[in-house]
C-alpha cells in the first residue's frame, strides 16, 4: 500500500468537499477517480499533494504520516502532481522545463557556480524524457500546441522520478485522437518506471481502457471502487454519473 | 497647553486633508486599472499651477468670496483636462501590458509634465497674494491664532471624502466603477463600455489631485518639483491604507499626517524616515495594507 | 545570447542560437583577458613617483590698497593692448556659469546670471578684456551630482577659460576639489559655507569666492538681540531656530549658537528645526511648535519659494504677532520684487549680510549707482547680492588680468600669473569696499542687516535702517584656519573656533554694539 | 584554454560584441576625456543594471529602491574616510561595501522576498527612501545634504602621482573596465547556472516551481542579496569617480533612472542593461548640457521606448541584425 488516507476531511463552510474519505493506492497501480463535477475529486488531490490543509483525518504515504508535511517534503518523499489548468514555465524551452525539474530532484537547482549547459548527465536524461514524451527540444513552452503543453506538464512532474504521480485531467481540452496519444505516452512511461498513477478523468473510454482500478466519488464520499468492468455494470454509479 | 495640542491636531488634519485628495485619486485609479500612476503627482502640481496662475490674473476683478470656488474649479479643470488627454492617448495602450511598462509610462508622463510646467509658467514659483489672509484667523486661546482657511481645507477634505463615499455607493457610475474594479469581464459582459469607465475614473482621480493642489495654493507656492515630492507621501498613504481602498486612503492620510506632526515636534532627526518605517511595518504585517485587496 | 522572458503576453523572441561549450568558454576567456590586458597596460603606462612640475608662482610687487580710505575706481577705460611676446588670443574668453535657473531657488540664482551678463556686456562694449570678447555659457545648478558632472564637462569639453558661479552651500564643497585638480580658475559667487576654505580646500590656488558665511549668521543674530532690546528694553533669553537642512542652514545655526552662548551664557535654545530643502511647502507643524515654546526671538535662514510658503502660513497663525522679533538671514536676498508687500514690517531683514541695492546710498557710491542703473536698464528689475557678486567678480578678474598684463609686457597671462594679483585684490564695488584675502581666497566686505518695511511705490518689501558691523570684527583673523583651527576638531569652522577661544563670556565682542 | 581557431569562430559569430570590447579597451587613446569619464560612469551603471536585472529580468521582481542601495555602497566608502581620515586602497572599500550591502540585502530580503509585483516595488521604494532620509538627516555623521568629499584612493596599493584628469581617463577608467568585465563574467555564470535557470522558473510560474520542489522564497532571497550586494559594489566604484557622495543619489527618481536604463537596453536580454547603462548615461549628460528641458526629452524617449521598441535597444539591434543577415528568412519581433 503506497498511499492511504484515513477518514480524510476538508470542508468549505457547509460544503463537505472531502467527507471521511479512505482512499488507497497500491504500488505500480493506475487508479482513476471519476465522478460528477463538485464531487471533491480535485480537492482530494489538492489535500494529498499539500496544496490544501485537511480539516481532519490522516494521510499515510509509504508508512509515514504526511498529513501536515510541507509541499517540499511531500515532493522529496515522492508525491508529485500535474495541473488541470496547465502550469509550466512559459518563458523556458521544453528542454529547460525538464532540466529544472531534474536539477530540483538532484538537489542542485541552487548551484550558482555550475553552468547548466555543462551538466551532461542532466542534459542526457532530459533529452530521454523529451523523446519519451515526444516533445520538441527548443521551442518555448508558450509556443507549444495545447496537447504538447499538457504533455510537458506531466513530463516535468515525471522528471522528478515520483513514486506516486497524481494527474488532474491530463487530457482535458484535447481531441479524442490526441487523448489516446497522450495516454499511450503516460501509461507505458509509468509502467516502465514503476510509478503508481492517480488520474482524475471524465472521459469514460480513457478510464475503462487505461486504469487498473476505478474510484467513484460523489458529494465528497467514495461511492464505489473496483475493477473497470465491475464499475461499468454498477447501477448506482450509472445513475450518479448520468444524473450527476 | 491643550490649545497647543489642538493646534498640532489641526495642522495634522490640514496636511492629511490634501494628502487624502491625492491618495484617493491614486487608489481609485489603481483599484480599477491596476496601474500605479506616478504621473498623479504631476496632476497635483498642474492643479496648483493653474490655480496660482488664474488667481494671479483675476484676483483683483472678482469679489473675495468667489476666490475659493474659482480656485477649486480652476485646479479641478486643469487636472481633468490633462487627464482627458493622457488617459485615452497613452495609458489606455498599456492596461494589458506588463507592470514594468505601466510604471515607466507614468514616470515618463511625470517628467514631461514637469518640464511643460517650466515652459508654460516659467522658472519662478507662483504664489497668491491675498485670499489666505482674507479669511483672517481665529483666536483659539492662550494668544494663539489659527487661520480660518485651514478649516476650509480640512472641511474640503472631509466633504470630498463624503462625496466619494456617496458617489461610489449610491450613484450609477460609482457602482459601475466598483464593479469594473472587481471584475472587468463581467462588467463588460453586461453591456458597459469598460473603456469609457476607465477614462471617467482616471478623470475623477485627476480632478481630486487637481483640487488637492489648488486648495493648498493660497497658503504655499506652486514651484517645480511639487509633484515629485507629494507623490512619495501619497504612496505611503496608499500603501498603509491598502491599494484600491478609499477607506484605506482616508485612514492612511490621517496616519501619515499625524506621524509627520509628531515627528516634527518631538523627533526632528527621523521625521522623514518615520513615515516610511510605518509603511514598511504595515506592509510586513498586512502585506496588502489595512484594507487592500489583491 | 540566450533570451529570457518574463511574461507570455510579450512578443516571443526568435529561436535563439545555441551556444556550444567552446564558444561559451571563449567569451568568458576573452572578457577576462581583455580586462587584464587593460589593467596591465595602465600599470605600465602610468608614471608612478614622477611629480608633474607646477609652474613657479610669479610674485609681482603691486600697490597695496589701504582699505579704510576708499579709492574710487569706477570701471573706466580699458588698457590699450600692445602685442607682447606671447600674442593675446583673439578667440572669445569663455566663462562657464552654474546657478539655479529654475524651481524654488531660481529667485536667488537667476540674478547671478543676469549680473554676470550685465558686466560681460559692458566689458564687451568697452572692447573686452585685452581685446577678447567675453562669452557666458550658463548651465542649471541642479543636485550636487549633476553640478559636479556638469562642472567637469564645462572644464574638459567646453574648455572654459574661467568659471564664475554656484549658489548652493552643498555644491561649492563638492566642486572646489575638482577645480583645484583640474586647474581651472573658479570664482565662486555664493556657496558661502566657510567649510570650503577651512576644511575641504585649505590651501586654495585656483578657487576664489566673493563672500563667505560666518558674518551672515553672526550679524543677523546680533540684529535679533538689537531689535529685541529696542522693542523691550532688555536682551532676549529664549531663542528658537528654523533652518533649511543643508550646509548653509546648519552653519548659520552653528555660528549663531556659538555667539549667543558666549554673549549671553544664560540663553535657552528653545527649539531648532532643520527642514528638508527645497520642497517643503507645509510649515504648519513647525509654526505650531515654535508657538508652543514661546521664544523671545526666532532666527531662520529659509529662503526662496519655501520661505514664501513659510511666511504666508505664519501670517495666518498670527506668528509674527506672537514672536517678538523674527529674522531670516536671506528673507531679502532674492530679487527684491520677490518679497511682496504682505511681508510683515518692523521685523528683521536679512540680505546674506552682503548687499541691498539702496545701500551704500547711490549718490555716495558712484559704482553702486552705475551698477544699479545699468542692471535695471537691462533686466527691468533691481539687483540682489548674487547679481552684485557676479558683477564685481568679473570686473575684478578684468582688473587683475590687465594689471598683470602691464607687468609682464605682453600675452594673455597664465592662470598661475593671475592668481597672485587676485590674492591681494581690493576695489570699491557696488556693496562698498571689497578685498580678497591671500590666505583663504575669500572676499571681505562689511556685513549689513536691516529692518523690513513696505514700499508701495516700488511694490515690494525692502530693507531700511541698515545696521553695519566691520567684517574683521565678526570673522576669524588671517591664517587662523591654517595655524589654530583643527579641521578634525570639535568646531565646524575657523570663525566658530575663534569665537570659542577669544570671545569673553557675558560680553559683546569689541566692535559690535547693540 | 581557447584555441586560435576557437577565438576566430567567436569573433565571426559575435562581431558586434568583439567590436565593442575593442573600442572600450582603446577608448582613452582617441576619445575626448569628458566622454571617457561618461563611459566610465556608463560602465558602472551597466554593473548596476546587471544587478538590478537579476531581479527584474530573471526573477520577475521590479524594485523601485535600487538607488538607495547604490548610495549605500557609495557611503560605505565615503563615511569611513570622513571619520578616520585615512584613505586605504580602493579594494578595501569595495570589499567592505560588497559585504555590508550583502548584509543589508539579507536583512531587507527577509521582508520583501515574500512579496511580489507592485508590493515588492513599493516596499523597495520605502527602503530607498529610509536610506535617503538617514543620509540626509544625520548631519553630524553623514554630512547631510552637503554629503562628503571622496579623495582619490590608491588602486591595488599604488598611488599614482598624476593629475586627476589623467587618473580618471586612463588609470581609473581601466580599473573600472576590469571590474566591469569581472562582474559581467560573474553575472554571465550566475544567469546561466542551475540557480539562474531556477530563478527564471520561479519567475514564470510560482506554483509549478513550488510543486517541482523549489523553495521559491529561499532562492528569491539569495537573488535579492546578490542584486543588492553588486549594486552596493557599483556604488562604491562610483564614489571615487564622482569624487563626492550626496544623499540625493538615493532619492527615488534615481531608482527610476535605473529602471529606465535597464528597460531602455532591453531587460529581456542578458546584455541589455549594460547597453542601456552606457547609452542612458551619455544621453542624460548631453541633454542636461544642451537644454533646460532635458526631462521633457527623456520623457519622450521613454514613450518611444514603451510603444515602439518594447524589447529595448538590444532587441532592436538583434531584429535589424537578423533582417540584414537573413534577408530571405522572416524575422518576428
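What follows is calculated from the coordinates using simple rules that are stated; it is not laboratory data. Predicted model, so just to flag it, every value in this text is computed and none were measured. Every residue, glycine as well, gets a Cβ built from its backbone with ideal geometry; the counts of neighbours run over all protein chains shown.
Among D:17-28, B:139-150, D:125-136, how do they line up from the highest to the lowest mean number of other beta-carbon atoms within 10 Å?
Numbers: D:17-28: 16.3, B:139-150: 17.8, D:125-136: 25.3.
Descending mean neighbour count gives D:125-136, B:139-150, D:17-28.
What is the Å³ per residue value for the convex hull set by the Cα atoms of the protein assembly as shown?
Hull volume over Cα atoms, normalised by residue count, gives 201 Å³.
Taking 1 over the mean of 1/r across every pair of different Cα atoms in segment C:107-245, what Kirkwood radius in Å do you get? It would help to have the intermediate numbers written out before the result.
On the way: mean 1/r = 0.0577 Å⁻¹.
After inverting the pairwise mean of 1/r, the radius is 17.3 Å.
Rank these for me by crowding, C:197, C:274, D:308, going from fewest to most other beta carbons within 10 Å. Mind showing how you got there, number by number?
Working: C:197 27, C:274 22, D:308 8.
Listed from fewest to most nearby Cβ atoms, that is D:308, C:274, C:197.
Divide by every residue of the protein assembly as shown the summed helix terms, -39500 (n - 2.57) for each DSSP H run of at least 4, and state the resulting mean residue ellipticity at 222 nm, rounded to the nearest 500 deg cm²/dmol.
Details: 50 runs with 748 residues, N = 1385.
Roughly -17500 deg cm²/dmol at 222 nm, from the helical runs in the protein assembly as shown.
For residue D:110 and residue A:123, what does the FRET efficiency come to when R0 = 41 Å and r is the distance between their Cβ atoms, rounded to the nearest 0.05? It would help to have the intermediate numbers written out before the result.
Working: r = 36 Å, r/R0 = 0.87.
Efficiency for this residue pair is about 0.70.
Remind me, relative contact order of segment A:86-159 in percent, using alpha carbon pairs under 8 angstrom and six or more residues apart? Present the calculation step by step, with values, prior to reporting the outcome.
Numbers: 75 pairs, mean separation 38.0, N = 74.
Relative CO of segment A:86-159 lands at 51 percent.
How long is the gain from residue A:112 to residue A:138 if the chain were fully straight, where each residue apart is worth 0.36 nm and the alpha carbon distance is subtracted?
7.0 nm
Quick one: go through segment A:47-81 and flag any residue whose amide nitrogen is under 15 Å from the point 7 Å out along the Cα-to-Cβ line of residue A:7.
From segment A:47-81, the list is A:55-59.
Residue by residue through C:244-250, how many Cβ atoms from other chains fall within 10 Å of the Cβ on average?
Values: counts 1, 7, 9, 6, 2, 3, 6.
Per residue, the average neighbour count from other chains is 5.
Can you tell me the alpha carbon radius of gyration of segment A:86-159 divided by the globular rule-of-thumb value 2.2 N^0.38 Å?
For segment A:86-159, the normalised Cα radius of gyration comes out at 1.03.
What is the distance in Å between the Cα centres of segment B:237-294 and segment A:185-244?
If you average the Cα positions of each part, the centres end up 55 Å apart.
Quick one: grab the alpha carbon gyration tensor of segment B:114-237, order the square roots of its eigenvalues as a ≥ b ≥ c, and give me rounded if a/c is under 1.5, else prolate or oblate depending on whether a/b is larger than b/c.
Numbers: a/c = 3.12, a/b = 1.65, b/c = 1.89.
Because a/c hits 1.5 or more and a/b fails to exceed b/c, segment B:114-237 counts as oblate.
Where the centroid of each part is defined by its Cα atoms, how far is segment D:59-112 from segment C:235-297 in Å?
Measuring centre to centre over Cα atoms gives 34 Å.
Mind giving me the FRET efficiency for residue A:146 and residue A:192? R0 is 25 Å, r the Cβ-Cβ distance, nearest 0.05 is fine.
On the way: r = 26 Å, r/R0 = 1.03.
Efficiency, from the Cβ-Cβ distance: 0.45.
Pairs of alpha-carbon atoms within less than 8 angstrom and 6+ residues apart define the contacts here; what relative contact order does segment A:1-110 have, in percent?
Details: 132 pairs, mean separation 26.0, N = 110.
Value for segment A:1-110: 24 percent.
So how far apart, in nm, are the two label points at residue A:229 and residue D:287 if each is 7 Å from Cα heading toward Cβ?
The two pseudo-label positions are separated by 7.9 nm.
Give, as ranges by residue number, the residues of segment D:273-305 whose backbone N falls under 15 Å from the point 7 Å along Cα→Cβ of residue B:119.
D:291-303
Please compute, for peptide A:100-109, the average count of beta-carbon atoms on other protein chains lying within 10 Å of each residue's beta-carbon.
Working: counts 11, 7, 2, 9, 9, 2, 1, 1, 4, 14.
Mean partner-chain Cβ count within 10 Å for A:100-109: 6.
Within 10 Å of each Cβ of B:146-153, how many other protein chain Cβ atoms are there on average?
Values: counts 6, 8, 1, 2, 4, 0, 0, 0.
Average neighbour count from other chains, rounded to a whole number: 3.
Mark the label point 7 Å from the Cα of residue B:58 along Cα→Cβ and return the residues of segment B:197-213 whose backbone N is within less than 18 Å of it.
Correct set: B:211.
Please give the contour-minus-distance gain from residue C:406 to residue C:158: 0.36 nm per residue of separation, less the Cα-Cα distance, rounded to one decimal in nm. All intermediate terms of the calculation are to be shown ahead of the outcome.
Values: separation 248, 0.36 × 248 = 89.28 nm, distance 2.89 nm.
That pair, residue C:406 and residue C:158, stretches by 86.4 nm at full extension.
On the Cα set of segment C:376-461, report Rg and Dmax in Å, please.
When restricted to the Cα atoms of segment C:376-461, Rg and Dmax are 17.0, 55 Å.
So what is the relative contact order for chain D, in percent, with contacts set as C-alpha pairs under 8 Å and at least six apart? Write down the numbers at each step before the final one.
Values: 487 pairs, mean separation 106.5, N = 333.
Computed over chain D, the figure is 32 percent.
How far apart, in nanometres, would the label points at residue B:138 and residue D:217 be if each is projected 7 angstrom from Cα along the Cα-to-Cβ direction?
Roughly 5.2 nm, to one decimal.
Could you order peptides C:301-312, A:22-33 by the average number of other Cβ atoms within 10 Å of their residues, highest first? Display every interim value, and only then the final one.
Numbers: C:301-312: 26.2, A:22-33: 18.4.
Descending packing order for the listed peptides: C:301-312, A:22-33.
Evaluate the distance, in nm, between pseudo-label points positioned 7 Å from the Cα of residue D:88 and of residue D:141 along their respective Cα→Cβ axes.
The modelled label-to-label distance comes out at 2.0 nm.
Treating the Cα atoms of segment B:16-224 as identical point scatterers in vacuum, please give the log10 of the normalised Debye intensity I(q)/I(0) at q = 0.08, 0.09, 0.10, 0.14 Å⁻¹, two decimals.
Each listed q corresponds, in turn, to -0.30, -0.38, -0.47, -0.84.
Within a 10 angstrom radius of the beta carbon, how do C:185, C:458 rank from fewest other beta carbons to most? Show your work: numbers first, answer last.
On the way: C:185 21, C:458 13.
Placing the least packed residue first, the sequence is C:458, C:185.
Taking the alpha-carbon centroid of each part, what is the distance from segment D:215-262 to segment D:152-198 in angstrom?
When both Cα centres are located, 16 Å separates them.
If you project the alpha carbons of chain A onto their three principal axes, what span does each projection cover, largest first, in Å?
57, 40, 31
At a 10 angstrom cut-off on C-beta neighbours, averaged per residue, how do the peptides C:146-159, D:231-244, A:132-145, C:355-368 rank from highest to lowest? The partial results should precede the final answer.
On the way: C:146-159: 20.9, D:231-244: 27.0, A:132-145: 17.3, C:355-368: 18.9.
Result, highest mean Cβ count within 10 Å first: D:231-244, C:146-159, C:355-368, A:132-145.
How do D:183, C:192, D:112 line up, fewest other C-beta atoms within 10 Å first? Let's see the in-between values first.
Numbers: D:183 23, C:192 30, D:112 27.
Fewest-to-most Cβ neighbours within 10 Å comes out as D:183, D:112, C:192.
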